[in-house]
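This report concerns only the one structure given below.
The values are calculated or read from the model by the stated rules, or taken from the named source; none is laboratory data. Because the structure is a prediction, the values reported are computed rather than measured. Virtual Cβ from ideal backbone geometry, glycine too; neighbours counted across all protein chains shown. Just the protein is used for accessible areas: all its heavy atoms, side chains included, with ligands, DNA and RNA removed. Shrake-Rupley method; radii C 1.70, N 1.55, O 1.52, S 1.80 Å.
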Amino acid sequence: MCGSFTETLTYSLSDSSGGTDHYYADVAAFTDEVLAKLHTEQAVGKFSRYLALRKLELFAPDVCALEYLMIGVLWKVYGDRAVAGSVFTGRLLSSLYGQKGRSAGARRAVDRLKGIAGTAILARHRRSEVRIRLQEFARLVGWLQASGEFEQECKRLALWLDFMKGLPDEESDSILVKAVKKAVWFEHESAGRLGSYTTSVDSYIERNQQRLKWQENRIFCSRARVEYHLNMVGAEIMNRVFHEGFLAATEKMVFLPVCMRNKAAEACRAVQEGTGYVCKGCSVNCRVNAATKMAAAYGCKVLMIPHASTAFGRERIQRGEVGIVGVACVLNLISGGYKAKEMGYEPQCVLLHHTGCVQHWHPEGIETCIDLERLERILQEGQTS
Ligand code: SF4
């Protein structure tokens, strides 16, 4: 439970008792319905077989179904911006983002560029009645790449693009139009089924419009309510699909975000190790401390990670050896799942109850928390398998 939590920024999983059991039951039931609906589309199975034949990763039909829905949702949210942008500028921006990892100076420069692009270039709209065809889908993927926020999603959507390029035009057009219809259904249904957890998203965006201008996180912090719902369902799907791999992994680890600790960075005694920090237990009230002690009882190491983008480092590990429980806020769940798999980890995730980090959401930061019992159940299962 999050005892001191008083302010909802965008989403909150807590019910009146402060727990998340209702949320997890709601999202599990809704995910069953979403998957049943998506698997009626032949394109999902066909794409899954296309990947399997080429020995490409993540051909599980449920992951392909999620991506089919993602095509429609992202088109609905960003399609009018994607068709208004220049393909050349998009390519230039996405190639410049690749320089971010070179140094701290390069990172600052890229962040400045992202802020300018997100406010002045990528925000241009065109009338949204443009019908999606393959060419428009390609522009959408280009826009998403240029935004610098959908790196992992774009890798998967690029596979869908290649797949559809090999189909007759009529068939690819029909696949895309049906994906958008599914997204229309999803937006409506998810508002009823998961909307009670995301009631503050729109007002947060409205209130913070001015503050986010020219900021590198403008697009990230302004993401639509339906994208929260997509990530909630996506995380549930990924947890199911990757569960066996996680259980089979010989080593287990937990990645926690720094926004869970109860001291400022200068006062925290955690010690750097690899891409993260190991808690040294300087505060009995700190949730990172509690999670670290609990995980130690199951032989699991906990690393506190300063930023989601650097969580996995640069080196891929031996596939299947390390199972990881990643704790993240809703908007990082799908991309985090893909990234973990790409780097060789077998992931599961636990959601932060709410947003709060100082980098993105709140000028002073709000201490965040998780359902510790849920994390413990996952580690327990991992130990006994
Ligand atoms: S208990 Fe751990 S994570 Fe929390 S402030 Fe102290 S060293 Fe940092």
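Cross-linked pairs K155/K182; K280/K301; K37/K76; K55/K178; K76/K165: Cα-Cα separations exceed 24 Å for K55/K178. Over the Cα atoms of region 303-360, the radius of gyration divided by the Kirkwood radius equals 0.96; this is the Rg/Rh ratio.
The long axis of helix 333-342 is offset from the longest Cα principal axis of the chain by roughly 90 degrees. Of the solvent-accessible surface of region 197-304, computed with a 1.4 Å probe and all protein chains present, 50% belongs to carbon and sulfur. Projecting the Cα atoms of S200, Y338, V327 onto the charge dipole of the chain, computed from C-beta unit charges around the Cα centre, puts Y338 farthest toward the positive end.
For region 232-284, count the residues as N, evaluate 2.2 N^0.38 Å, and divide the Cα radius of gyration by that value, please. Working shown, then result.
Numbers: Rg = 15.3 Å, N = 53, 2.2 N^0.38 = 9.9 Å.
Normalised by 2.2 N^0.38 Å, the Cα Rg of region 232-284 equals 1.54.
The amide H of T10, built 1.01 Å from its N in the peptide plane, has T355 as neighbours under 5 Å, considering only residues 5 or more places off or on other chains. Against the chain, whose longest principal axis is taken from its Cα atoms, helix 169-194 shows a tilt of about 40°. Once each part is reduced to its C-alpha centroid, what is the distance from region 281-312 to region 193-237 in angstrom? Going from one Cα centre to the other spans 26 Å. Highest mean packing comes first when the peptides 328-337, 367-376 are listed by Cβ atoms within 10 Å, giving 328-337, 367-376.
Between helix 104-116 and the chain there is an angle of about 50 degrees, using the helix long axis and the longest principal axis of the Cα atoms.
Relative to the compact-globule scaling 2.2 N^0.38 Å, provide the ratio for the alpha-carbon radius of gyration of the chain. Please list the in-between numbers first.
Values: Rg = 20.4 Å, N = 385, 2.2 N^0.38 = 21.1 Å.
Dividing the Cα radius of gyration by 2.2 N^0.38 Å gives 0.96.
First obtain the Kirkwood hydrodynamic radius of region 250-330 from its Cα pairs, then insert it into the Stokes-Einstein equation at 37 °C and 0.692 mPa s, and state the resulting D in µm² per second as a whole number. In µm²/s, the coefficient rounds to 250. For V325, nonlocal amide neighbours, meaning residues 5 or more places apart or on other chains whose placed amide H falls under 5 Å from its own, are M253, V254, F255, Q348. Here the Gaussian network model covers the chain, with springs between Cα atoms less than 10 Å apart; of G356, G192, G326, G192 fluctuates the most. Derived scalar couplings between HN and Hα for region 360-366 equal 10, 9, 9, x, 9, x, 10 Hz in order, rounded to whole Hz, by the Karplus curve 6.51 cos²θ - 1.76 cosθ + 1.60 (θ = phi - 60°), x for Gly and Pro.
Counting only Cα atoms, region 133-254 measures 46, 45, 31 Å along its principal axes, largest extent leading.
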